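These notes are about the structure you will find just below.
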Amino acid sequence: MSEPLRDLLIVGAGPAGMAAAIDASRAGLSVAVVDEGGGPGGQIYRGILDGPASVRGSLGADYAAGRPLAEAFMAAPVERLFRSSAVMIEQRQDGFAVALSGGGKARLVRVRMVLIAAGALERPFPIPGWTLPGVMTAGAAQTMLKASALVPEGPVVLAGTAPLLLLLAAQFARLGVKVEALLDTTPAGSWSGALRHLPDFLRGPYLAKGLSLLREARRSTRIIRGVTGIAAEGDGRLDAVRFTAARLERRIAARTLLLHQGVAPQLNLAMATGVAYRWSDERLAFEPRLETTGESSIPGLFLAGDCAGIAGAEAARLSGILAARAIAARLGRTAAPDATASLHAQALRGRRFIDAFYRPASNFRRPPDAVIVCRCEEVTAGEIRALARAGAPGPNQAKAMSRSGMGPCQGRLCGLTVAEIMAAELGASPDAVGHYRLRPPVKPMTLGEVAMLAEPEG
Amino acid sequence: MFRRLHDPSAPVRITIDGRSVAAAASDSVAAALLAAGVTTLRRTPVSGAPRGLYCGMGVCFECLVTIDGAPNQQACLTTVREGMAVETGGARPALSLP
């Protein structure tokens, strides 16, 4: 029994996906939106509609700003498929067939156009002991707060760089959660690298936000600057954090260590479908090659939001609208031009400063030999370096020899690290070395689900 | 490890390794586990090393637990249900052959 051909499938109900869905449905397109979560919001607005009211006041104005968008999305005439993952996109004559997997079931959806708005994930933060229970991302702790009003119990240590860490410190402070220390790994030389982007930053929307966050975080949290080394210690679970700052080594007892050093685009679905991509040295991540409309190298397959390049929620929302307009125009429904494109440019202003200032230090991206870089298969940085020295030209060969990238996360947590380590070892750029070659399905499926996808013959 | 800021308003009862705990109806299984003080969720197939929640958003696959007999479910992407049975430690399902 084949399904009707819809105009557009949007993968992801974060700010870009929601805004695109609303705009596309207004243009008269038949739209379906798929998201792994139980409701709208993606990661940044997680729990925006059904999260506990008790914490809402502490999460800040930026979070609250997502509510009207989520409400408009839930009211829009689009098909919402929650708790479902898009695991495979196949090109067909009239568009695409997308396999959706969820709740032990799978189905094939046929659409003319696809917009991937899969968002971002936190950069890997490979330090000794990062695989110990008790060590997690700052985003994971923030999700527990937003969606379940859960806060970590002491001692709690935050570590890394980038605005999300300061935001979390401020949110914890507002809720009376004691944080032993925030270990700031922002490299000492950041100012010189970021300075040329300062004028734009001063004119853009991030300055006021950043300064007030910083003030709030500083008031209530002990911030230790210039941290150049961190290790999580414990036997079977986290007990302490050892760190180096100003060439002095110190150790604090800790039960929870929250790591964060920025975010990177979630590209697995796009890469597995075959979109062209490249390495961005400015943002230290792989990014899809896109037209200004968001269209990828595969005609009819668009990307918008942070998965197209990290730029934050407001830029994501606007890029979702721009992509929806381009898609609608492709299907014969042109909208009158408005200020969206220039608002998008404005939302981007100041990003380059943030990217440069909070650029994660190389020793936290290319860790010492003993550190595990592929968590799933427990492959160390040293093993990857040895393979490069032995002649492996890139991550795919390293994968074949060591199994790195072959675990269930399919390289989501190790792809960047392995590419950077091998590039450095080979004296090449990560662009030349590339990312693991990915294949669908991009999330594990059971054989039963695969069987459900079989289409009738003829 | 993690504590609730307030008691769940509409509690749901689930079992974690046979132990009955209260969870909030909107909790992910991961949240319920953290609130119940369970930090080791599985042991790795490679070395048997203990692992717990890491990314909280479904990309790292560390939070794999057995839910109502189904192995390798991502706890952070699954919402609790009344009577749900969660087992940690990792399970290898028995293959029943004819």
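Throughout, read-outs are computed from the coordinates displayed, never taken from laboratory work. Every value quoted in this text rests on a predicted model; they were computed, and no experiment measured them. Heads up, the Cβs are rebuilt from the backbone with ideal geometry, glycines too, and the neighbour counts pull from every protein chain shown.
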Square roots of five times the Cα gyration tensor eigenvalues for the protein assembly as shown, Å: 32, 28, 26
Over segment A:249-352 - Rg/Rh using Cα atoms and the Kirkwood inverse-distance radius: 1.11
For segment A:369-412 versus segment A:421-458, the gap between their alpha-carbon centres in whole angstrom: 15
Value of Rg to Rh for segment A:131-187 (Rh from inverse mean 1/r over Cα pairs, i.e. Kirkwood): 0.93
When each of A:Lys105/A:Lys443; A:Lys105/A:Lys146; A:Lys146/A:Lys443 is checked by Cα-Cα distance, pairs over 20 Å: A:Lys105/A:Lys146; A:Lys146/A:Lys443
Debye equation applied to the C-alpha atoms of segment A:308-452, log10 I(q)/I(0) at 0.10, 0.13 Å⁻¹: -0.55, -0.79
Kirkwood hydrodynamic radius of segment A:1-80, from inverse mean 1/r over distinct Cα pairs, in Å: 13.2
Pairs of alpha carbons in segment A:43-92 whose separation is greater than 19 Å (percent): 42
Interatomic Cα distance distribution for segment A:400-458, bins of 5 angstrom, percent: 4, 16, 20, 17, 13, 9, 7, 7, 4, 2, 0
Dipole in debye (nearest 20) - the protein assembly as shown, about Cα centre, beta carbon charges: Lys, Arg +1; Asp, Glu -1: 1020
Rounded Å value of the spacing that divides the Cα centres of segment A:279-331 and segment A:54-127: 15
Selection from A:Thr340, A:Ala390, A:Ala423 lying farthest towards where the dipole of segment A:321-441 points positive, charges on Cβ: A:Thr340
Residue-averaged beta-carbon neighbours from other chains (10 angstrom radius) around B:35-47: 3
Loop-resident sites, chain B, for GluC sites (Glu not before Pro), counting at most 15 other Cβ within 10 Å (DSSP): B:Glu82
For chain B, projected area of the alpha-carbon convex hull averaged over all directions, nm²: 7.1
Whichever aspartates and glutamates have a C-alpha closer than 20 Å to that of A:Lys209, once near sequence neighbours (fewer than 8 apart) are set aside: A:Asp62, A:Asp184, A:Asp200, A:Asp306, A:Glu314, A:Asp355
Per-q log10 I(q)/I(0), segment A:360-403, q = 0.19, 0.21 Å⁻¹ (Debye; single scatterer per alpha-carbon; no solvent): -0.55, -0.66
Hypothetical label at B:Asp17: residues of segment A:125-150 whose amide nitrogen lies under 14 Å (7 Å Cα-Cβ projection): A:133
